[in-house]
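J.: Mind looking over this structure? Questions follow.
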Amino acid sequence: MEIFWIWLSLLKNVGPITQKKLINHFQTPKRIYDATEEELRNIKGIRKTAISAIINSKSLNESELIINRMQQNDIKLLTIHDRFYPILAKECKESPVILYYKGNFKKYETAIAVIGSRRCTTYGRNVAEEIGEKLACLNIPIVSGFAKGIDSYVHAACVKEGGYPIIFLGGGVDVCYPKEQRRLYDKILESGIILSQYPPGTLPKPKHFLQRNALISAWSTEVIIVEAGKNSGALWTAQFARNHGRRILAVPNQLYVKEGVGTNQLLEQGAIPFLGIESLDAVKNLPILYEQNLIQKLRSHPILSILTTATSIPKLALQLNMNNEDLMNELFDLELQGKITIRGNIVKKTNGK
């Protein structure tokens, strides 16, 4: 049956809206494949170009090649009939009838999209990482693209804290783009899911990213724009979110920072100011759970587990196999939480912690 789903998705002049109309009428793609021209003409809202494409495109050769590539690369197919296809996404006109994916699905009721500039500021990075860490503590999935900058920072933080990342790509799910993010790509596959509407082997193209942005919104219940320049692609995602009826939050930024022009404009247009994860509807009823999960994660923090006596920072870096920058970020967070004290080059646990 998969071969006919793929065949349907490849038809020219048959977009997601028409695909879903056809499936609603015929129930299966095999019945669409076998349909006569007269049967197709009797369906309200199906254009002549779509009917022509169905009648004149009966070869399954391309679909067979795609299935072979899927089998070689451990790629699976998600159809709109699958229980893991979110109901909220099915209702969006841009959502296709199939998606290719790698990784493991989990059922969820809420998911937060977090997006922003590729060339983000340190402020934007810190906000993205904090969102990733805190939502992971609450077991709330995070949806994003795989772009450099905000997208990658939020998902790196999510993965690090054992969260559930959901990634949409602008190419095939077997094409890691950007290539230099291969390590993050592999980490995401260990705990989350990578999806695309494009067949395996498809290289990213600029026009693909607009559709990817639509799917990021479709699969989310709320959308946070952390940073966005004047013409940022994140603003397109915000527009899709508006069309989808999603709750849109924007992180306030300084007036003269170019990476914040777009988010400040969104606030002017009525977006909700993001002032911390407490701004999200998804977490308003979960403060106790969040605190419990955070406490548990702090207790099991690898630095605290090995910091039995006062230790120098270089020695800690060697023991943890971390570079100095990453280690210092962790140490500063723990110090702010009152778990450790740093005096010069020496770190020790706070008494009773």
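The values are calculated or read from the model by the stated rules, or taken from the named source; none is laboratory data. As the structure is a prediction and not an experimental result, all values here were calculated from the model. Cβ: placed from backbone, ideal geometry, glycine included. Neighbour counts: every protein chain shown. Just the protein is used for accessible areas: all its heavy atoms, side chains included, with ligands, DNA and RNA removed. Shrake-Rupley method; radii C 1.70, N 1.55, O 1.52, S 1.80 Å.
J.: Leaving out ligands, DNA and RNA, what percent of the accessible area of segment 66-210 is carbon and sulfur, probe 1.4 Å? Let's see the in-between values first.
T.: Working: 3030 of 6310 Å².
Within segment 66-210, the accessible surface is 48 percent carbon and sulfur.
J.: Tell me the label-point distance for the pair GLU37, ASN73, using the 7 Å Cα-to-Cβ offset, in nm and rounded to one decimal.
T.: 3.7 nm
J.: Hey, rough spin-label estimate for GLN265 and ASN345, points 7 angstrom out along Cα→Cβ, what's it come to in nanometres?
T.: Between GLN265 and ASN345, the label points sit 5.0 nm apart.
J.: Based on the Cβ-Cβ distance from ASN139 to LEU255, what FRET efficiency comes out when R0 is 45 Å, to the nearest 0.05?
T.: 0.75
J.: Give me the number: length gained by fully extending MET1 to LEU304, i.e. 0.36 nm times residue separation minus the C-alpha to C-alpha distance, one decimal in nm.
T.: Numbers: separation 303, 0.36 × 303 = 109.08 nm, distance 5.25 nm.
Separation in residues times 0.36 nm, less the Cα-Cα distance, equals 103.8 nm.
J.: With a Förster radius of 25 Å, plug the Cβ-Cβ distance of LYS207 and TYR177 into 1/(1 + (r/R0)^6) and report the FRET value to the nearest 0.05.
T.: Working: r = 15 Å, r/R0 = 0.58.
E between LYS207 and TYR177, to the nearest 0.05, is 0.95.
J.: Further question on the same structure: If you work out volume of the Cα convex hull per residue in Å³ from the coordinates, which of (1) 147; (2) 178; (3) 157 do you get?
T.: Given (1) 147; (2) 178; (3) 157, the structure-derived one carries the label (1).
J.: Taking the Cα centre of segment 140-194 as origin and charging only Cβ (+1 Lys, Arg; -1 Asp, Glu), how large is the dipole, in debye to the nearest 20?
T.: Numbers: 6 positive and 6 negative charges, 28 e Å.
That gives segment 140-194 a dipole magnitude of about 140 debye.
J.: R0 = 45 Å: FRET efficiency of ASN324 with ASP281, Cβ-based, nearest 0.05?
T.: Working: r = 39 Å, r/R0 = 0.87.
Efficiency, rounded to the nearest 0.05: 0.70.
J.: Loop-only GluC sites (Glu not before Pro) in segment 90-120, please: DSSP not H, G, I, E or B, and at most 14 other Cβ atoms within 10 Å. Please report the intermediate quantities before stating the final value.
T.: Values: sites: GLU91, GLU94, GLU109; in loops: GLU91, GLU94, GLU109.
Of the GluC sites (Glu not before Pro), the ones in loops of segment 90-120 whose Cβ has at most 14 other Cβ atoms within 10 Å are GLU91, GLU109.
J.: Could I ask something else about it? What does a probe at GLU62 reach in segment 173-199, counting residues whose amide N is under 20 Å from the point 7 Å along Cα→Cβ?
T.: Only 173-175, 196-199 fall inside the zone, counting backbone N under 20 Å.
J.: Using the Cα centre of segment 82-142 as origin and beta-carbon charges of +1 (Lys, Arg) and -1 (Asp, Glu), tell me which of TYR100, ALA111, LEU138 is placed farthest towards the positive end of the dipole.
T.: Farthest towards the positive pole: TYR100.
J.: Could you pull out the chymotrypsin sites (Phe, Trp or Tyr not before Pro) across segment 170-260 that fall in loop regions by DSSP (anything but H, G, I, E, B) with no more than 13 other Cβ atoms inside 10 Å?
T.: Details: sites: TYR185, PHE209, TRP219, TRP236, PHE240, TYR256; in loops: TRP219, TYR256.
When the chymotrypsin sites (Phe, Trp or Tyr not before Pro) of segment 170-260 are filtered for loop state and at most 13 Cβ neighbours within 10 Å, TYR256 remain.
J.: Rounded to the nearest 10 Å², what accessible area does ILE32 show when all protein chains are kept and the probe is 1.4 Å?
T.: About 0 Å², ignoring ligands and nucleic acids.
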